[in-house]
1. May I ask you to sort D82, D189, D102 by Cβ crowding, counting other Cβ atoms within 10 Å and putting the fewest first?
2. Rounded to the nearest 500, what is the 222 nm mean residue ellipticity of the chain from helices alone, with -39500 (n - 2.57) per DSSP H run of 4+ residues and division by all residues?
3. Enumerate the calculated ³J(HN,Hα) couplings along region 288-302 in order (Karplus 6.51 cos²θ - 1.76 cosθ + 1.60, θ = phi - 60°), each rounded to whole Hz, writing x wherever the residue is Gly or Pro.
4. When the Karplus curve 6.51 cos²θ - 1.76 cosθ + 1.60 is applied with θ = phi - 60°, which whole-Hz ³J(HN,Hα) does each residue of region 130-145 get, with x for Gly and Pro?
5. Between D102 and residues 5 or more places away or on another chain, which pairs have amide H atoms under 5 Å apart, with H built 1.01 Å from N, and which residues are they?
6. Ordered by packing density, taken as the mean number of other Cβ atoms within 10 Å over each peptide's residues, highest first, how do 196-203, 13-20 rank?
7. Search the structure for amide H atoms under 5 Å from the amide H of A172, placed 1.01 Å from N in the peptide plane, and list their residues when 5 or more places away or on another chain.
8. What is the distance, in nm, between label points placed 7 Å from the Cα along the Cα-to-Cβ direction at K248 and at S70?
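Values quoted throughout were computed directly from the atomic coordinates according to the rules given, and no laboratory measurement underlies them. Being a predicted model, the structure only gives us computed values, none of them experimental. In this analysis, Cβ positions are derived from the backbone assuming ideal geometry, glycine residues included, and neighbour counts consider all displayed protein chains.
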Amino acid sequence: MKHLIKKLKIGSVELKNNLALAPMAGITNAAFRSLCIEGGAGLVVSEMVSAESIRYGNRKTLKLLEIYPSEHPIAIQLFGSDPCIMALAAEEAEKLGADIIDVNAGCPVRKVCAQGSGAALMKEPGTLETIIKKIVKAVKLPVTVKIRSGLAAKEIISPGLAVLIEGAGASAITLHGRAAADLHGGPPDYEAFAGTAAAVKIPVFGNGGVRAAADAARILETGCAGVAIGRAAVENPAVFAEVAEGLKDGGGERKGGKTGEGGGTAHNVTRGPAEKIKLFMRFLELNAALYGPERGVICARKLVGYWLKGFPHSSALRASFMAARALPEANALLLQYMGKHDSRIV
């Protein structure tokens with residue numbers, strides 16, 4: 001399995017490995033991305049950013065474009081349906097330090113698709129092609145595109161779209177191996193991975209259901225050049241090192257541990273709950289630096305349930321954390337919990 005984990009180039013950008021953090025709305029901010037780079041990711045991607053909001057200088061949106069020095073290489077993912085506005089937004093992202101521009105043509109959320117953005121672009125290949133060409137002309141950075149296997153369940157249209165995307169000048173594709181109608185449910189379509197990877201010469205990253213090395217191996221064996229990991233990273237930003245380690249010693253086929261959607265067994269690079277709590281405290285510090293000590297904690301509430309999953313008596317801690325409104329208060333709760341349950345979580 002040693003050939004499965006490798007360095008990869010996207011245009012002029014060289015990645016240390018072929019494992020990427022998938023973009024997730026409200027989660028993959030600068031603080032979280034930094035931890036994922038430390039946790040072994042070869043590439044991190046921002047949460048999707050509205051090109052229209054960038055055009056109007058929306059302060060909240062511009063905050064999404066903030067990049068820490070420690071998180072390169074990074075792709076900024078943009079969504080929109082107007083080619084000229086998407087190109088202008090890409091120019092702004094380039095100025096702010098992005099290494100790659102990623103076009104979202106796969107988000108299935110209704111309010112995004114209603115604007116002609118996200119997965120709706122899969123129904124309008126001409127518009128998608130024009131968007132890619134405009135961005136490629138506007139910036140010096142590699143341009144990538146994220147798509148779905150299809151729009152309706154069991155539909156596979158990604159190979160044909162991939163050919164169009166490559167022809168428009170994109171340097172890589174990320175394929176979420178589920179139809180837009182399936183959202184995030186069910187196993188990914190490995191036939192779609194294989195067909196899409198075979199249709200183009202540019203790298204294709206397979207995305208969907210990867211929690212462990214065997215899940216990643218199954219996607220890479222279809223011909224995909226890389227793997228994008230999303231929800232498993234929310235629970236453990238070190239999942240990338242975990243997957244890389246597993247690929248090097250046989251694709252993750254070990255006894256015991258947690259099984260991913262693709263059937264793999266997860267390795268515990270993050271050694272236990274105590275380490276995860278300490279890492280979460282570090283995330284809070286980074287988040288506070290990004291948003292301020294109060295908003296940084298409030299914005300972290302959506303993640304605390306993932307990070308404390310499986311901990312003893314964690315429900316009370318989660319409830320208390322949801323009421324915390326400042327960094328010192330949040331840290332005190334976590335330290336108190338560690339002290340009380342130290343023998344059970346270390």
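1. Values: D82 19, D189 27, D102 32.
The order, fewest Cβ neighbours first, is D82, D189, D102.
2. On the way: 16 runs with 153 residues, N = 346.
It comes out at -13000 deg cm²/dmol, rounded to the nearest 500.
3. Karplus values, whole Hz, x for Gly and Pro: 5, 5, 7, 10, x, x, 8, 5, x, 6, 4, 5, 7, 4, 5.
4. So the J values, rounded to whole Hz, are 5, 4, 4, 4, 5, 5, 4, 6, 7, 10, 8, 8, x, 10, 10, 9.
5. Here the answer is I76, Q77, L78, T144, since their amide H atoms fall under 5 Å of that of D102.
6. Values: 196-203: 18.5, 13-20: 21.0.
Averaged packing, sorted descending, gives the order 13-20, 196-203.
7. Those lying under 5 Å, H to H, from A172 are V145.
8. Placing both labels 7 Å beyond Cα along the Cβ direction yields 2.2 nm.
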